[in-house]
1. Listed residues L114, L149; which is buried (at least 17 other Cβ atoms within 10 Å of the Cβ), out of contact with any helix residue (DSSP H, G or I) (no Cβ under 7 Å at 6 or more places or on another chain) and outside the structural domain of I320 (by the TED database)?
2. Looking at V244, V250, which one is assigned by the TED database to the domain that holds P221 and assigned to a strand (DSSP E or B)?
3. Within the set of pairs 6+ apart or on separate chains, which have a first residue in the stretch 122-135 that is hydroxyl-bearing (S, T, Y), a second that is not in a loop (DSSP other than H, G, I, E, B), and C-beta atoms under 7 Å apart?
4. Please count how many residues of the stretch 83-104 are at pLDDT 85 or above and surrounded by 21 or more Cβ atoms within 10 Å (Cβ to Cβ).
5. How many of the residues making up the stretch 301-314 are touching a Leu at 6+ places or on another chain (Cβ under 6 Å), surrounded by fewer than 23 Cβ atoms within 10 Å (Cβ to Cβ) and within 22 Å of Q241 (Cβ to Cβ)?
6. Checking the conditions here, which among R191, R223 is among the basic types (K, R) and either over 28 Å from L309 (Cα atoms) or assigned to a helix (DSSP H, G or I) (or both)?
7. Being free of Cβ contacts under 8 Å to residues at least 60 places away in the same chain and closer than 16 Å to L140 by Cα narrows it down to one residue among P67, P56, P45; which is it?
8. In the stretch 242-291, what residues are surrounded by fewer than 21 Cβ atoms within 10 Å (Cβ to Cβ) and of a type in the set (D, E, K, R)?
Amino acid sequence: MSWIALAEHDGRRLSRRAFAHRAPGSELRRGSLVIETRLPTGDRPEPMIYFDGKGPPRCHLSVQSVPGGGLTFVMAQGQETLHRTFNHADTGRADLLRLTCSWDVDAGLGRVALECEQDKVMIAPLAVTVPPRLADLRVLFADRSASYLAPEVSFIALSDAVEPVGPMPTLAPDTPIATPEGFRAAGALRRGDTVVTAGGEIAPVLHRLDRTVPAMGRFRPIRLRAPYFGLMRDIVIAPSQRLVVRGSEVEYLFNHEAAMIEAGHLAGGKAVRPVQTGPLVTYTQLLLPAHEALDAGGAAVESLYVGRLRRKRDALEASILAGLDRQTLPEHGKSVHPVLRAFDARILAEQRAA
């Protein structure tokens, strides 16, 4: 079933199947709570999320900003209180953060992860022995008056699965990908197929990864419009999908032949438009031996970048690559192209539009 409750400032959704006809005291023994938020700009601690269940037993959830950048996460159920602080050294200069708390009580698994915009993931263990009650979770997501969400919070979501963190798929399954036989839908490619990279080389597909996520925040899909970025047709991608851009403006502004920009940084311009969709969206992505750009309908888009994830056991087990044979996973070095931050991406877009 996976996603069973979603909440943002504009609306809330609950799965009837997940919450209906449950016995009093029913627990969610396995699940994930995902919170996406921006950091406030003030120099004082500020509540981002606050919830106290009516109990008994006690149920509490809170996320608070840390001055200078960072978050404190607290979750309590009955006599058990779990606490973790991520400080400025963890978050760096990130503006947008995604916090994922996952547990599987029967398997003895518990963790909280913080993902930053710049491919940085911090994972800390949590000793979850008392799972949250479904009745409390229902109130958290269904009753606006029972909880506080700061304006900076993009969304909160609840899953009945242990959700992965780290590298994520970012292409709509129907995205046309260049192959030696012509363009094929990304969602139709399999391990062993080959693609033609944006540089004209033929590369094998090591794995295709798929994931369904809430269509909210940085998961909310956007449309890249043709003929911008060399596109022959519109494509739908996640805002975090990176594009490889070239040209005289790139060389002049950044002293590099090419650079990568996140598509979401270009939102609001003529080339990027929002997409109307349902509450969930499915993305796919291809893993290649090297950190290559794919030819997606004429645009150069980054394939799945995994760095040296295969060397980091805990991070690998928490990722979408968990369960795959480590021997089939590549190691990707640092990108040869700089990744532009939001401000630089907008400057480049303005120069190209001038």
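1. Values: L114 fails: out of contact with any helix residue (DSSP H, G or I) (no Cβ under 7 Å at 6 or more places or on another chain).
Among L114, L149, only L149 is buried (at least 17 other Cβ atoms within 10 Å of the Cβ), out of contact with any helix residue (DSSP H, G or I) (no Cβ under 7 Å at 6 or more places or on another chain) and outside the structural domain of I320 (by the TED database).
2. V244
3. T129/E80; T129/V105
4. 8
5. Here is the first cut: in the stretch 301-314, the residues touching a Leu at 6+ places or on another chain (Cβ under 6 Å) are 301, 303-304, 309-310.
Subsequent filtering for residues that are surrounded by fewer than 23 Cβ atoms within 10 Å (Cβ to Cβ) retains 309-310.
Restricting the remaining residues to those that are within 22 Å of Q241 (Cβ to Cβ) gives 309.
Residues flagged as touching a Leu at 6+ places or on another chain (Cβ under 6 Å), surrounded by fewer than 23 Cβ atoms within 10 Å (Cβ to Cβ) and within 22 Å of Q241 (Cβ to Cβ) within the stretch 301-314 amount to 1.
6. Values: R191 fails: either over 28 Å from L309 (Cα atoms) or assigned to a helix (DSSP H, G or I) (or both).
Just a single option satisfies the conditions, and that option is R223.
7. Numbers: P67 fails: closer than 16 Å to L140 by Cα; P45 fails: closer than 16 Å to L140 by Cα.
None of the others qualify; the one that does is P56.
8. Answer for the stretch 242-291, where residues must be surrounded by fewer than 21 Cβ atoms within 10 Å (Cβ to Cβ) and of a type in the set (D, E, K, R): R246, E249, E251, E257, K270, R273.
The values are calculated or read from the model by the stated rules, or taken from the named source; none is laboratory data. The shown structure was predicted, so the numbers you read here are calculated from the model rather than taken from an experiment. Counting neighbours? That spans all protein chains shown, and the Cβs are built from the backbone with ideal geometry, glycine included.
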